[in-house]
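These notes are about the structure you will find just below.
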């Protein structure tokens with residue numbers, strides 16, 4: 001378990017693009033999961049559609065970063081798994097792993113993590129997915145993923161640019 005200060009845990013998005021292949025519909029399928037300390041959600045080696053999933057997650061996290069929503073849902077394509085992410089204070093997020101379709105949900109675990117690290121993790125994972133797909137010349141849904149990545153990075157970088165002192 002990777003513990004951070006103030007009771008937070010390192011939560012990161014993991015994908016193995018070396019395992020990527022195209023499914024019959026032309027979607028990229030590869031290993032994709034969340035590593036929450038020593039735990040994995042949905043589980044270690046989970047296979048899903050990273051281009052689609054990461055595009056959804058970037059859009060949802062952007063809503064949270066821009067304070068448009070207090071809680072967002074990070075969904076998976078392949079199963080009734082989701083991750084509910086909510087703001088905890090100014091710098092932390094609560095990550096809650098859920099299995100179910102909304103009528104019979106089961107919480108599998110919850111962790112608090114630093115917002116900046118989690119956002120960096122998803123952005124880095126999306127950048128790697130984009131690079132791999134371009135290398136393979138897989139273009140389905142790629143433009144939308146790149147746009148989502150750019151939008152999230154733009155709203156994360158805005159506050160920093162405003163706080164810098166003017167050049168002398």
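Taken together, the values in this text are just the output of simple stated rules run on the coordinates, not laboratory data. None of the values given here were measured: they were computed from a predicted structure. Virtual Cβ from ideal backbone geometry, glycine too; neighbours counted across all protein chains shown.
Helix content alone sets the calculated 222 nm mean residue ellipticity of the chain: runs of n ≥ 4 DSSP H residues at -39500 (n - 2.57) each, divided across all residues, give -12500 deg cm²/dmol. Take the Cβ atoms of residue 136 and residue 101, set R0 to 35 Å, and the FRET efficiency comes out at 0.55.
Kindly identify region 8-63 as rounded, prolate or oblate by the Cα gyration tensor criterion: order the square roots of the eigenvalues as a ≥ b ≥ c, call it rounded if a/c is under 1.5, otherwise compare a/b with b/c, prolate if a/b is larger, else oblate. The shape class here is oblate. Computed over the chain with a Gaussian network model linking Cα atoms closer than 10 Å, the most mobile of 144, 25, 12 is 25.
Going from the residue with the fewest nearby Cβ atoms within 10 Å to the one with the most, 14, 51, 119 rank 14, 119, 51. As a rough footprinting exposure proxy, the listed residues 65, 53, 77 were ranked by other beta carbons within 10 Å of their own, and the order from fewest upward is 77, 65, 53. Given contacts defined as C-alpha pairs under 8 Å and at least six residues apart, what's the relative contact order of the chain, whole-number percent? This gives 21 percent for the chain.
Recomputing percent of Cα pairs over 30 Å apart from the coordinates shown identifies the correct label among [x] 29; [y] 17; [z] 21 as [y]. With each label modelled as a point 7 angstrom along the Cα→C-beta vector, the residue 155-residue 73 pair spans 1.8 nm.
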